[in-house]
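Before any comments, here is the structure.
Please treat every number below as a calculation from the coordinates, not as lab data. Bear in mind that the values here come from a model prediction, so they are computed numbers and not experimental data. Cβ atoms come from the backbone with ideal geometry, glycine included; neighbour counts cover every protein chain shown.
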Amino acid sequence: MEAGKLVEDVAFNTIRQAVIYVPDDVKAALKKAYANETSETAKTQLKTILDNVEMAEKYQAPVCQDTGTIIFYVKAGAEVKNLHIVEQALIDATRKATKEIPLRPNAVNPFTQKNSGDNTGRFIPFVNWEIVPGGDLELTVMTKGGGSENVCVTGMLVPGEGIKGLKKFAIDAVIKAGAQPCPPTIMGVAVGGGSDIAMKLAKRSLLKPLDEVNLDAEIAQLEREIYEAANMTGIGPMGLGGETTVLGVHVDYAFRHPASFPAAVAFNCWAARRSSARIGADGSVTYLTHKGK
Ligand code: SF4
């Protein structure tokens, strides 16, 4: 098969998997939350979400009407040939997915307010590139809903306040977000680098499975603290009260300028859509997150 067509087909499948199937780790966390919630309202909300997840799988339909903005994360092996064809293949896959799945057209020109109608436009789908050793091409798609995107925040904190300031910033963001990001959410929190770098790291960490424990014990502890504090806000599923406001927290960091303390909080809603696949140097395809779907 021609290389561009192969990338397009794999990208199309990852978009389809992402918008229909909530990842297994998120599904498990929703089920656990349902079992643990004591508030009847929270239980009802979680039951509705779980029914929604099941119906999407049964009818092979997107799990939410907002199929999001399409963002790709590409890990390109340094030995992969013809990398110049990848971006166009991802655009073609996005157009095909919009028509055939279908996806809601979500790409609007901010100046003319015109919707392109096919989820593509300047810098959309956005492609994050990473060059890695080897000959494989790994594609990950995140289809990012508008409600959870609207409450993402970046801030330049006071360096002297340190991690204490970061925790306050993260919890303030949860309280301010309230019901808007369709809780229970997943939080990506990042510190350092610069305002753009912090948000890039925060958003990228939303791709990590919820059951992946941070290898750094201090950061793992910080993640637990933010998780517990966020769930003490009482915002609850869909903002109607309860003990489950977030399903998980991932923290990442970069070194910072001595005078700056950039921080970012990215939210994903319960419909945390992501899917990954690897195209091997020999043209073989392995679906990494949604095997057999
Ligand atoms: S925030 Fe998520 S669940 Fe809520 S409407 Fe948007 S995509 Fe759907």
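The chymotrypsin sites (Phe, Trp or Tyr not before Pro) found in the range 109-187 that occupy coil by DSSP, while having at most 10 further C-beta atoms within 10 Å, are Phe111, Phe123. The reciprocal of the average 1/r between distinct C-alpha atoms defines the Kirkwood hydrodynamic radius, which for the range 48-195 equals 18.1 Å. Dipole size of the chain about its Cα centre, with +1 on Lys/Arg Cβ and -1 on Asp/Glu Cβ: approximately 540 debye, rounded to the nearest 20.
Site pair Glu40 and Glu225 shows an inter-label distance of 3.8 nm when each label is modelled 7 Å from Cα along Cα→Cβ. Within a straight-line Cα-Cα reach of under 18 Å, Lys291 can be paired with the following lysines, leaving aside sequence neighbours fewer than 8 residues apart in one chain: Lys27, Lys58, Lys208.
When the inverse distances between all different Cα atoms of the range 81-154 are averaged and flipped, the Kirkwood radius reads 14.3 angstrom. A cysteine counts as unpartnered when no other cysteine's C-beta lies under 4.7 Å of its own; in the chain this applies to Cys64, Cys152. Site-free segments of the chain were taken between GluC sites (Glu not before Pro) in DSSP loops having at most 14 other Cβ atoms within 10 Å, sites themselves excluded; the longest one is 80-211.
Using a 10 angstrom cutoff on alpha carbons, build the Gaussian network for the chain and name the most mobile of Gly117, Gly134, Gly193. Judging by the Gaussian network model, the answer is Gly134. Counting pairwise Cα distances across the range 173-236, what percent come out greater than 20 angstrom? Counting pairs separated by more than 20 Å, the tail of P(r) holds 31 percent. Full extension of the segment from His84 to Ala259, taken as 0.36 nm per residue of separation minus the current Cα-Cα distance, would add 59.1 nm. Which residue fluctuates most in the GNM of the chain (Cα springs below 10 Å): Gly194, Gly68, Gly162? Between Gly194, Gly68, Gly162, it is Gly162 that shows the largest mean-square fluctuation.
Footprinting exposure proxy ranking of Val86, Val265, fewest other C-beta atoms within 10 angstrom first, gives Val86, Val265. Could you work out how far helix 162-177 tilts from the main Cα principal axis of the chain, as a 0 to 90 degree angle to the nearest 10? That works out to roughly 80 degrees.
Using C-alpha pairs below 8 Å separated by at least 6 residues, the relative contact order for the chain is 26 percent. Summing charges over all other residues whose Cβ lies under 15 Å from the Cβ of Gly145, with Lys and Arg as +1 and Asp and Glu as -1, gives +3.
Centroid-to-centroid, using Cα positions, the range 129-172 and the range 1-78 are 20 Å apart.
The antiparallel fraction among DSSP beta bridges confined to the chain stands at about 70%.
Where only DSSP H runs of four or more residues are counted, the chain gives -12000 deg cm²/dmol as its mean residue ellipticity at 222 nm, each run worth -39500 (n - 2.57). Dipole of the chain computed with +1 at Lys/Arg Cβ and -1 at Asp/Glu Cβ about the Cα centre; of Ala76, Phe123, Gly236, farthest Cα towards the positive end is Phe123. Equivalent-ellipsoid semi-axes for the chain (Cα gyration tensor, √(5λ), whole Å, largest first): 30, 24, 18. Across the options Met156, Phe169, Phe111, the greatest Cα extent toward the positive end of the charge dipole of the range 93-186 (unit charges at beta carbon of Lys, Arg, Asp, Glu) belongs to Phe111. Placing +1 on the Cβ of every Lys and Arg and -1 on the Cβ of every Asp and Glu, with no other charges, gives the range 72-159 a dipole of roughly 360 debye about its Cα centre. Each of Val151, Val213, Val22 has some number of other Cβ atoms within 10 Å of its Cβ, and from fewest to most they run Val213, Val151, Val22.
Label zone (Gln65, point 7 Å along Cα-to-C-beta; backbone nitrogen cut-off 19 Å) within the range 141-164: 144-150.
Going from the fewest other Cβ atoms within 10 Å to the most, the residues His250, His290 appear in the order His290, His250. Divided by 2.2 N^0.38 Å, where N counts the residues, the Cα radius of gyration of the range 1-129 comes to 1.27.
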